[in-house]
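Take a look at the structure below.
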Amino acid sequence: MRRIISSGAVKAIFLDRDEVLRRLQEVAVEALEAFPALQEVRLIGSLAAGTATGTSDVDLLLRVKEISGNPLEAMKPYFFFFSRRLEIGLDLLLVGSDLPPGLEEALRGSILLARREETESPSD
């Protein structure tokens, strides 16, 4: 995903965006299987906008059914899950089903990586 090329005192760091996106989609699907409360995984930030550099990290927005208790504690299992599977720096934003005010802007340029399909219950 990230390559470092050195020549003498010069070092070039290259981030393969297509490879990062492919791997993120794989891991996002795995996350939906591992976490029943997880509803959606979106890429936000510079990678989503196409302005990432070789030293950029991954910014993910995770939408869950609800956040109960301490938000930092609620985020820990997700952070460890993603960080163990990705070879790149990671920032997570955990939100409930109702988006906080002002977050719509971040979602406008986001990339949907995985979403839980809502299953309709059969009608009697």
**Asked** What's the angle, to the nearest 10 degrees (0 to 90), between helix 17-34's Cα axis and the longest principal axis of the chain?
**Response** 30
**Asked** Distance in nm between label sites at Ser83 and Leu99, each 7 Å beyond Cα in the beta-carbon direction?
**Response** 2.7
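Work out the length of the dipole vector of the chain about its Cα centre, built from +1 on the beta-carbon of each Lys and Arg and -1 on the beta-carbon of each Asp and Glu, and round it to the nearest 20 debye. Could you put the intermediate results ahead of the total?
Details: 15 positive and 20 negative charges, 137 e Å.
The calculation lands at about 660 debye.
Kindly provide the helix-only [θ] at 222 nm of the chain, computed as the sum of -39,500 (n - 2.57) over DSSP H runs of four or more divided by all residues, to the nearest 500 deg cm²/dmol?
The per-residue figure over the chain is -10000 deg cm²/dmol.
Scanning the chain for GluC sites (Glu not before Pro) in DSSP loops with at most 14 other Cβ atoms within 10 Å, what's the longest stretch left with none? Write out the running numbers ahead of the final one.
Working: sites that count: Glu66, Glu87, Glu117, Glu118, Glu120.
Longest gap between qualifying sites, sites excluded: 1-65.
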**Request:** Could you tell me what percent of the accessible area of the range 19-70 is made up of carbon and sulfur, with a 1.4 Å probe and every protein chain present?
**Result:** 49
**Complete:** The helix 71-85 Cα axis meets the longest alpha-carbon principal axis of the chain at an angle in degrees, between 0 and 90 and rounded to 10, of 50
**Asked** Between Glu33 and Val10, what FRET efficiency follows from the Cβ-Cβ distance if R0 is 25 Å, with the result rounded to 0.05?
**Response** 0.05
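Please compute the length gained on full extension between Glu66 and Glu26, using 0.36 nm multiplied by the number of residues separating them and subtracting their Cα-Cα distance. Display every interim value, and only then the final one.
On the way: separation 40, 0.36 × 40 = 14.40 nm, distance 2.38 nm.
Separation in residues times 0.36 nm, less the Cα-Cα distance, equals 12.0 nm.
Keeping every protein chain present and rolling a 1.4 Å probe, give me the accessible area per residue for the chain in Å². Could the numbers behind the result be given before it?
Numbers: 7790 Å² over 124 residues.
Each residue of the chain exposes 63 Å² on average to a 1.4 Å probe.
The values are calculated or read from the model by the stated rules, or taken from the named source; none is laboratory data. Model, not experiment: these values are computed from the prediction. Don't worry about glycine lacking a Cβ; one is built from the backbone with ideal geometry, like all the others, and counts go over all protein chains shown. Each accessible area value is taken on the protein alone, full model and side chains, heavy atoms only, with ligands, DNA and RNA left out. Shrake-Rupley method; radii C 1.70, N 1.55, O 1.52, S 1.80 Å.
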